[in-house]
Amino acid sequence: MTRVSLARIIADDLATLRRFDPGARPGGRPRRVVWSEKLPGFGVRYYASGRSTYIVQSLMNGVTRTITLGNANVLSKNQALTVTRRILLRAQVGEDPATKRKWARNIPTYDDFLATYWKQAAAKWKPSTLATHNAYRRKHLDHAFFGMFIDEIEQSHVLTWFNKVSINGGPGAGNRCFEILRSMFNHAERWEMRPEGSNPCAFIRPNKCRKCERFLSNREIERLGEVLSQKIRTQPLHTMIVYLLLLTGCRLSEIMDLTWSEVKGGRLLLHDSKTGPRTVWLGDEAQTLLASLKRRGGADPVFWNKLTRRPVRSIGEFWKGVKVEANLPGVRIHDLRHSFASHAAARSETLPMIGKLLGHARLQTTSRYAHLDDGPVLDAAERIGELIADAMGEDHSLNHNTMCDIGMPIHDR
């Protein structure tokens, strides 16, 4: 059982007998208790009002527990004995219905736990992440399992919910909400509100999503450079932002929100990024671009528009025009970051180095670029092939005495 209480224990045990209503509990102080001689621990408690109830008393986890079964006028003695034997058996194998009942009272409903979890997790989320997650919560997480306790939710419930969210919100929204829910249940286990290893999300596979990765070829980068060289005269700040994205592999927010206090010679000491504070190393071209801008106060944004007296906040429309002129259909701003990494991989930079340049927290994230550097693999294959050929010798070479050499026909099947 996932949520144990005395009422449920009794209901389960009486399910094979008949429907049972334990009746109202008698008031007043008990007059006396008569214990059974045949079944130790079973007794009848008689009250001053004349009513009586069946009780069970047993040693559970080193503590003497007394459990009330129900009104003797409603529950027959045979039924009470049957339930008593089962409860005593559970006590002998280490179960404690009274303790579990007390524990069950502290288990929150799904909605209550969601509010508690959100308060704890939101403090660690970045503002943009919090805004996105709040939207997902309003649409798909609030009241998702209405009326259920957090330890009652099983895999079938989560799967039904996940399919519904994926249909209504799309595969991407389904995966994002699913990861939030998975984290919630992990915390429920950590906070002892669910049994360990009971996360109902554990064996549910997320949706397969199309990977939006686009790498610019050398020719495409050349066309982009030609367009930007023209745009820098009319829209210098927007153009410099695109240049820096391509030259550094930074995320758009890291360049757009850049302040002069973060520009330190040949480095950008970012106070905050997706993975926390990090250092971005600048090449000569990137340093030259930044040096051409008028330096302001440390807290001032780097890309400050003197005409509007505001920082540049968006380059979306600018990028649309650049894509058209450079003939780069379907290329996103974030693809400039992928292009930076792909060219690094093509020049045999190691994955840890690429991950450090991009500010990846995990090497697994960088591994997507591993297939772009086939040169070392081909060289290794060639060296191994030569060693094997030398070891086999000329007489045993694959070029001698093969089926093809003796003229046997080969047919495709």
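Using the Cβ-Cβ distance between Leu81 and Asp284 with R0 set to 60 Å, the FRET efficiency works out to roughly 0.10.
Specify whether the C-alpha gyration tensor of segment 110-190 places it in the rounded, prolate or oblate class, a ≥ b ≥ c being the square roots of the eigenvalues: rounded for a/c under 1.5, otherwise prolate if a/b is larger than b/c and oblate if not. Verdict is oblate for segment 110-190. For Thr275 and Ser314, what does the FRET efficiency come to when R0 = 30 Å and r is the distance between their Cβ atoms, rounded to the nearest 0.05? Rounded to the nearest 0.05, the efficiency is 0.80. By the count of neighbouring beta-carbon atoms within 10 Å, fewest first, Glu325, Glu192, Glu254 end up ordered Glu192, Glu325, Glu254. In this simple spin-label model, placing a label point 7 Å from the Cα along the Cα-to-Cβ direction at both Leu39 and Lys126 gives a separation of 6.4 nm.
Mind listing which trypsin sites (Lys or Arg not before Pro) in segment 104-135 are in a DSSP loop and have 14 or fewer other Cβ atoms within 10 Å?
Lys124
Ordering His143, His187, His334, His238 from the fewest to the most neighbouring beta carbons within 10 Å gives His143, His334, His187, His238.
To the nearest 0.05, what FRET efficiency results for Leu89 and Thr160 with a Förster distance of 45 Å applied to their C-beta separation? Using R0 = 45 Å, I get an efficiency of 0.80. Put in line by how crowded their Cβ is, counting other Cβ atoms within 10 Å and starting with the fewest, Asp335, Asp151, Asp142 read Asp142, Asp335, Asp151. Length available on full extension from Arg214 to Asp390: 0.36 nm per residue minus the Cα-Cα distance, which gives 59.1 nm.
Coordinate-derived values only; no laboratory data. For clarity, every value in this text was computed on a predicted model and none was experimentally measured. Please note: Cβ atoms are built from the backbone with ideal geometry, for glycine as well, and neighbour counts cover all protein chains shown.
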